[in-house]
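Structure, as structure tokens:
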Amino acid sequence: MKGYFLKNVGIIVLNWQNWRDTLACLNSLKKLVFSESINIIVCDNGSEDVSFTKILNWAQQNYALTEIGVWFSDYFPEIPANLPTLPFVLIQTSANLGFAGGNNVGIRYALATKTCTYLWLLNNDTLVETQALSALYDYAETQPHLGLIGSTIIDYYQRDQVQCAGGCRYSPLLTVFRPVCGGESLNTVMQKPTVKLDYVYGASLFFRVTAVEQVGLLNEEYFLFYEELDYSQRLRRQNYDIGWCKNSWVYHKGSASIGKKSEGNREKLQTAQYYENLSTLKYTANFYPRLLPLVMLLRFVLKSLILTIRGDFFLLPSLLKAYRDFTHK
């Protein structure tokens, strides 16, 4: 690979006002058993709490000062040549750029170091098993046709239960996804030789850098949701495939940045409802334009019905706003 002289793995973790989970994730990364070099890049996505300070304090307790890099940047639109390769880099953006935008800041930095052969994007509400990265790396080295690989995502609170084996299946017409092996026992899933994926789940995304150079960055048209589906589609257009590394175990809490109804996070849920619907329509328009009229009708009717049955009337305005903004773009 021209210009790349080390087999580094750049690990990118995105934080948004959730430093406690981020530090737990970083502590698990420090325990990884891996023979190649690792560079951890944490992007603080415009947090308005004490996240930046807490993460920097953690870094100073775990690395020498010469091993830490601190940057303040929105997008790195013009990346300096030959950025330093440091064990730990903390980048703060001046605004919340969303999942794609925030991770792209870290991806741009990693690519600019010209030392990474793989990039591992992790949700900050994950913990990794000590062999999780070694398994991904070894599998990727034997499967050059794979541009993106997912891990076995295990429920953080029920560690014998799998959230998904690598990713999900997706119905373009009904706009619903089904986690592959979701809810099955870990022992059962480990017996499966392979699975079929429509996209890799975003809690653990292991990219081949040569694929990223061809396909490009995550699509920032999606502020939340559908980034993984979009990227999996674009990879296939460049003749790459996606896959599952069963021996890479990642424990995932889920809903850390979105919140849950039981926790009283009405504003976060309204935001999630808005972007889920808006991104669904954008994705359909981008990849299944002939289905768009039918999808718009079916989704609006079914979503309205489901929200009404559940008594989630406070989410109906978010649904309406998503449709209005999409049609008036």
(message) Tell me the residue from Tyr118, Tyr137 that is in a helix (DSSP H, G or I), surrounded by 19 or more Cβ atoms within 10 Å (Cβ to Cβ) and modelled with pLDDT of 95 or more, please.
(response) Tyr137
(message) surrounded by fewer than 24 Cβ atoms within 10 Å (Cβ to Cβ) and either closer than 20 Å to Cys168 by Cα or at pLDDT 95 or above (or both): is that true of Ala112 in this structure?
(response) no
(request) Determine which member of the set Val209, Val200 is within 18 Å of Asn123 (Cβ to Cβ), assigned by TED's automatic domain parsing to the domain that holds Met190 and in contact with a strand residue (DSSP E or B) (Cβ under 6 Å, 6 or more places away or on another chain). (result) Val200
(request) Scan the stretch 293-329 for residues that are farther than 23 Å from Leu173 by Cβ and not in a helix (DSSP H, G or I) and report the count. (result) 3
(message) Which count do you get for residues in the stretch 140-156 that are in contact (Cβ under 8 Å) with a residue 24 or more places away in the chain and either in a strand (DSSP E or B) or among the polar types (S, T, N, Q) (or both)?
(response) 11
(request) Please list, ordered by first then second residue, the pairs with beta carbon atoms under 8 Å, 6 or more apart or interchain, first in the stretch 284-303 and assigned by TED's automatic domain parsing to the domain that holds Ala322 and touching a residue at least 60 places away in the same chain (Cβ under 8 Å), second among the small types (Gly, Ala, Ser) and assigned to a helix (DSSP H, G or I). (result) none
(request) For residues that are over 10 Å from Ser204 (Cα atoms) and out of contact with any helix residue (DSSP H, G or I) (no Cβ under 9 Å at 6 or more places or on another chain), tally how many sit in the stretch 145-163. (result) 6
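The values are calculated or read from the model by the stated rules, or taken from the named source; none is laboratory data. If you're wondering where the values come from, they're calculated on a predicted model, not measured in any experiment. Cβ coordinates were reconstructed from backbone atoms using ideal geometry, including for glycine residues, and neighbour counts include every protein chain displayed.
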